[in-house]
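The values are calculated or read from the model by the stated rules, or taken from the named source; none is laboratory data. What you see is a predicted model; the values in this text were computed from it and never measured. No Cβ is skipped: glycine too gets one built from the backbone with ideal geometry, and neighbour counts run over all protein chains shown. Accessible surface is based on the protein model in full, side chains and every heavy atom, while ligands, DNA and RNA are left aside. Shrake-Rupley method; radii C 1.70, N 1.55, O 1.52, S 1.80 Å.
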Amino acid sequence: MTDTVEFAKMNGLGNKILVVDMRGRKDMVTPQAAIALNADADTAFDQIMAIHDPRAQGTDAYIDILNCDGTKAQACGNGTRCVVQALASETGKKSFTFQTVAGILNASEHEDGMISVDMGMPRFNWNDIPLAEEFHDTSRIELQIGPIDNPMLHSPAVMSMGNPHAVFWVNSDPMEFDLERFGPLLENHPMFPEKANITLAQVISDSTLRTRTFERGAGLTLACGSAACAAAVSAARTGRTGRTVEIDVASSPVRIPLTIEWRQDNHVVMTGPAEWEWAGTVDPVTGTWARDAALAQAAL
């Protein structure tokens, strides 16, 4: 077994992704490697998407997901789109089935380059999210930040999209809030025993939302696909929008909206772009890496 594997630096709507090719190997990308890669400005990332040989019949690959702090993530929609683009370029295939710790994901690349990912079904039961205490109605729970008589944020909708989410509704641009300051407080709130992704969502119309997310294990991020799904589902669940919306990710430098459809079969389908930046090789144990101009996108 060689010391290094190929990887690609990519992004999904600005969400910084490293796609690491671990096929043909039995080991995993280590937390130490993830932390080392994130410490380097050239390879700093939000999630690592490590592609492994399939473990389940009928799947194309097993995807192991790591946050930039070395912890495991259950789901990453923007990262999944990056994996699809990389594998579609390599294989010529357009449709894929992936196994993750959160379950089976189906994804496909369209003729216009946009990529759709079936993110699975949302879960609303308090112990499935999970929460530290029981709530019968998780579309609005008792949680606030700021003065008790005039809280800055309050009554989030909570749910799981394979990972825990709390969506706070705001009446102005999410970029106007100091999410970098209070995001860590909410991510680590005792209400969330496994921490949570914290999203601010503004309703623009009955088919448009504007969001910004502090991501569990990654911090203030330019985009978070599963959070966009959580916001869309929560908006439809509370009657703020219909079941198909466009998400304007406020913090993303890529001004292309995500389209989220909460289908009648309860599956959530996210459609959006992915962008390949450059490729190289990396030691999955130590995180030592090298950029390789000879590696084409098709040779991930």
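Candidates in the stretch 106-146 are the residues that are more than 29 Å from THR80 (Cα to Cα) and in contact with a Leu (Cβ under 9 Å, 6 or more places away or on another chain); of these, the one that is most open to solvent (accessible area, probe 1.4 Å) is GLN144. The residue that is most open to solvent (accessible area, probe 1.4 Å), among those in the stretch 71-92 that are touching a Phe, Trp or Tyr at 6+ places or on another chain (Cβ under 9 Å) and over 11 Å from ALA274 (Cα atoms), is SER89. Scanning the stretch 236-249 for residues that are touching a residue at least 60 places away in the same chain (Cβ under 8 Å) and not basic (Lys, Arg), which turns out surrounded by the fewest Cβ atoms within 10 Å (Cβ to Cβ)? Out of the qualifying residues, it is THR238. Applying the condition of being modelled with pLDDT of 95 or more and open to solvent by less than 10 Å² (accessible area, probe 1.4 Å) to the stretch 13-27 and asking which residue is farthest from ALA228 (Cα to Cα) yields MET22. What number of residues within the stretch 198-216 satisfy the criterion of being over 20 Å from GLN144 (Cβ atoms) and either open to solvent by less than 10 Å² (accessible area, probe 1.4 Å) or not in a loop (DSSP other than H, G, I, E, B) (or both)? The number of residues fulfilling the criteria is 6. Going by the structure shown, is ASP42 over 14 Å from GLU275 (Cα atoms), modelled with pLDDT of 95 or more and not in a loop (DSSP other than H, G, I, E, B)? No: the conditions fail for ASP42.
Selection of strands (runs of 3 or more DSSP E) fully inside the stretch 56-122 by the criterion of at least 1 residues being in contact (Cβ under 8 Å) with a residue 60 or more places away in the chain returns 61-67, 95-100, 115-118.
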